[in-house]
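One structure below.
The values are calculated or read from the model by the stated rules, or taken from the named source; none is laboratory data. Fair warning: this is a prediction, and the values are worked out from it, not measured in the lab. Every residue, glycine as well, gets a Cβ built from its backbone with ideal geometry; the counts of neighbours run over all protein chains shown.
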Amino acid sequence: MVGMATAENFVLAIGTKKGLWLATSQDRREWSFTGPHFLMAEIPSVGIDTRGGRTRIMVGVRSEHWGPTVAHSDDLGATWSEPEQGAIRFPEDTGAAVERVWQIYPDAESRPGVVWAGAEPISVWKSTDGGEHFELNRGLWDHPHRSDWGAGYGGAAAHSIVVDPAGDTVHIAMSTGGVYRSLDGGASWEPRNKGISAYFMPDPNPEFGQCVHKIAADSAVEGRLYAQNHHGVYRTDDNADTWTSIADGLPADFGFVMLTHPRREGTAWVVPLKADGERIPPDGDLAVHRTDDAGGSWKRLSKGLPGKEYNSVLRDAASGDTAEPAGVYFGTRGGTVYASADEGETFTEVIAHLPDVLCVRAAVVAGA
């Protein structure tokens, strides 16, 4: 079992406004840190690829001087590499430039070397060499809806990528635009937002234009996904053809985080915030909420968290691992990171006083 694993078999990556911190642990309670890596550069995205017995950490780096790129390390951050011309660049005919890499998503074990990325301006990219070079997905970039996609509060971002490990279905979510689905591996895309509200638009139920904050797939039920919206929490059981609300039982339906269990059906975590105009935990009481019945009910989890906390948790500042029991991790805009080794029942403080936490990623990097 994972509980008998050798030393330093968990890795935790924390991307902030001013650099990257890496931590390793044997028990998910005591952590050893290195960093900051890329000091003074923004790190909005991290991907940890453990396929094929290798641990590769990929980071979206945004320098105010050099611009954005993707760098990678195969030795837990001791050294970093990136192509001389940059890992991710728009083709010249697009007339566009990458502003920020919002998401790095290693594909399934069955597709070694394939890594997806989501970026600003709204775009999706694919690598076949382990994240060293990315190519623009022209099917989405040339989509007729693109000129009508707007920017969310943080920018125009393709921020969520969910790939079917056994097929060619890919779902993405963007702010703003909503959920789009491809059934042919990304060659073509169609909006899939029926049931998700866009109350802030003249038509609250448009085909696209929703500000979906994050999506995640149920690992045990084919065709089931969950979405945290700009007000609204939803589930689909038909591969995003239709969505239904599962917000009942939550103290608020606004937030950014959506995590799902690596194995168990119907289990997901959210971190509610009061509202779009008051982006703080409800009543200043920070808590994670977990459902074990696909949104039928929610359990409040706050043991080990501070009594009062007025900083929010951003969409990618939360992660899970694949251990048993599953770990849950998140960081706040106040620079504190918390970890749970028991699926959220209890949390411990990992580190505090970091810059604004933008991204948290965790992985099991060694077996028993």
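Data overview
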quantity	calculated
Selection count where residues are of a type outside the set (A, V, I, L, M), closer than 17 Å to T16 by Cα and assigned to a loop (DSSP other than H, G, I, E, B), scope segment 323-368	8
G35 vs. criteria in a loop (DSSP other than H, G, I, E, B) and touching a Leu at 6+ places or on another chain (Cβ under 7 Å)	no
One residue from A108, A119, A97 being farther than 21 Å from S63 by Cα and of a type in the set (A, V, I, L, M)	A108
Test: residue in segment 232-243 that is in contact with a helix residue (DSSP H, G or I) (Cβ under 9 Å, 6 or more places away or on another chain) and in contact (Cβ under 8 Å) with a residue 40 or more places away in the chain	no
Candidates G167, G118, G139, G150 - the one that is touching a strand residue (DSSP E or B) at 6+ places or on another chain (Cβ under 8 Å) and either within 24 Å of R54 (Cβ to Cβ) or free of Cβ contacts under 8 Å to residues at least 40 places away in the same chain (or both)	G118
When residues of segment 86-102 are limited to those that are of a type outside the set (V, I, T) and closer than 16 Å to I161 by Cβ, the one nearest to the chain's Cα centre (by Cα)	W102
Looking only at segment 309-358, and only at residues there that are under 16 Å from A13 (Cβ atoms) and acidic (D, E), the one that is surrounded by the fewest Cβ atoms within 10 Å (Cβ to Cβ)	D356
Filter result (in contact with a Leu (Cβ under 9 Å, 6 or more places away or on another chain), in a strand (DSSP E or B) and of a type outside the set (S, T, N, Q)) within segment 240-267	F254, G255
Any chance G47 is closer than 23 Å to E324 by Cα, assigned to a strand (DSSP E or B) and in contact with a Pro (Cβ under 9 Å, 6 or more places away or on another chain)	yes
Output for segment 72-102, where each listed residue is of a type in the set (G, A, S) and closer than 22 Å to A156 by Cα	G86, A87, G95, A96, A97
Per-region count, segment 181-193, residues touching a residue at least 24 places away in the same chain (Cβ under 8 Å), surrounded by fewer than 22 Cβ atoms within 10 Å (Cβ to Cβ) and among the charged types (D, E, K, R)	1
Positions within segment 277-306 being in a loop (DSSP other than H, G, I, E, B) and either at positive phi or touching a residue at least 60 places away in the same chain (Cβ under 8 Å) (or both), in sequence order	A294, G295, G304
Check on E109, surrounded by 15 or more Cβ atoms within 10 Å (Cβ to Cβ), at negative phi and not in a strand (DSSP E or B)	no
Residue check for G178: touching a strand residue (DSSP E or B) at 6+ places or on another chain (Cβ under 7 Å), small (G, A, S), buried (at least 16 other Cβ atoms within 10 Å of the Cβ) and modelled with pLDDT under 95	no
Unique match (being farther than 22 Å from H261 by Cβ, hydrophobic (A, V, I, L, M, F, W, C) and touching a residue at least 40 places away in the same chain (Cβ under 8 Å)) among I246, I196, I172	I196
